[in-house]
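Below is one structure, written out as structure tokens; comments come after it.
The values are calculated or read from the model by the stated rules, or taken from the named source; none is laboratory data. Keep in mind that this is a model prediction, so the values were computed, not measured. Reconstructed Cβ throughout: ideal geometry from the backbone, glycine too, with neighbour counts over all protein chains shown.
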Amino acid sequence: MTLRTSRATAAFAVSALALLATGCKSKPCGSPCAPEPMAQTPCEPPPCAPAPSPCAPPPCGVPTTRPVARSNALPTPPPMSQPPVVDADSRARLETMKTAVEAKNRRLADLEAQLDSMNAKHAPVAARAGTGNPGAEDAARKLAEELKGIPGAQVMVEGTNTVVIVTDSFGSGSDKLKPNPDVRAARRATSQAMARHPEAKVSVIGHTDSAPITKSTWESNVALSRARAEAVASAMASDGVARDRMRVDGVGPNDPLVSPEKTNSDKAKNRRVEIEFAFGTPPASPSGN
């Protein structure tokens, strides 16, 4: 009995050891061999998750937003567009047009200077003639219409005065009238106008260019201009008008028609004689006989 019991006990011990060695590996989870999970008390709250560290990186997949740095600098302006490229032909045409415009501007300035000079020259004549005399003004305009278009002369109206300007009448340094058909035609037309208008007071005024007297016998340009006025008055007297109706005077280069004198043509225009017809207040007393 004892021997049989000892054998049974040994066999049971061997079987128990074998079962312990292999039993739980072949059984599924939750078998009696697996340890039981720890039971959680229903009223106990779950443990709180620790607060993330401020230096910890954000979780994966969460977009990050970085603050935009502010700057006090002004915004950079957009680049300026480059000027169009001008080809050589266009540039040459522009230069030609610019030169032409500058030449016209210079010509306009010369004409304005001539007009200012003429206005200044005839201002004393207009002041002498007076204003407010419709009959005298009509007579001056009528004479200007009569003399309009005669060759070799320019005709102007200054208030109650009519002025006939005969340019290029003399050679340089000379008091001899040029044998020019236009000068002769202008002189004769003026003489005929004097005969038609006996009421007009007539003055003959000589002029010179700015060239100084060098080889001439005249002591000054003023003396030369007076001699030229005398020559015209004598020629008109030979046409049949009374010599004593004409006042003779000379102003030399002091009253130019063209200033400055840039060419010989400008000087020729200043070598002239002007015949003034006064229908209002008579001109100053004659300075010649």
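Is it true that ALA139 is modelled with pLDDT of 85 or more and aliphatic (A, V, I, L, M)?
Yes; evaluated as a whole, the condition is true for this residue.
Within region 145-165, how many residues are under 17 Å from LYS267 (Cα atoms) and at pLDDT 90 or above?
2
Go through region 151-178 and give me each residue that's surrounded by fewer than 19 Cβ atoms within 10 Å (Cβ to Cβ) and β-branched (Val, Ile, Thr).
Listed by number, the list holds a single entry, VAL157.
With the requirement that a residue be under 24 Å from PHE279 (Cβ atoms) and exposed (fewer than 15 other Cβ atoms within 10 Å of the Cβ), what does region 197-238 give you?
Answer for region 197-238, where residues must be under 24 Å from PHE279 (Cβ atoms) and exposed (fewer than 15 other Cβ atoms within 10 Å of the Cβ): PRO198, GLU199.
Return the total of residues in region 76-118 being modelled with pLDDT of 75 or more and assigned to a loop (DSSP other than H, G, I, E, B).
1
Are any of the residues in region 215-223 under 23 Å from LEU143 (Cα atoms), in contact with a Ser or Thr (Cβ under 7 Å, 6 or more places away or on another chain), at pLDDT 90 or above and not hydrophobic (A, V, I, L, M, F, W, C)?
Scanning region 215-223 turns up no residue that is under 23 Å from LEU143 (Cα atoms), in contact with a Ser or Thr (Cβ under 7 Å, 6 or more places away or on another chain), at pLDDT 90 or above and not hydrophobic (A, V, I, L, M, F, W, C).
Quick one: in region 239-257, of everything that is surrounded by fewer than 21 Cβ atoms within 10 Å (Cβ to Cβ) and in contact (Cβ under 8 Å) with a residue 60 or more places away in the chain, which residue is nearest to GLN154 (Cα to Cα)?
The qualifying residue nearest to GLN154 (Cα to Cα) is LEU257.
With the structure loaded, tell me whether ALA200 is among the small types (Gly, Ala, Ser) and within 29 Å of ASN133 (Cβ to Cβ) or whether it fails that test.
So ALA200 passes the test.
Count, please, the residues in region 168-214 that happen to be closer than 24 Å to LYS142 by Cβ and of a type in the set (Ser, Thr, Tyr).
3
Can you tell me which of GLU199, GLU219, GLU230 is touching a residue at least 40 places away in the same chain (Cβ under 8 Å), closer than 17 Å to SER174 by Cα and acidic (Asp, Glu)?
It is GLU230.
Identify, please: which residue in region 258-282 is in contact with a Ser or Thr (Cβ under 7 Å, 6 or more places away or on another chain) and in a loop (DSSP other than H, G, I, E, B) and is, among those, farthest from GLY173 (Cα to Cα)?
GLY280
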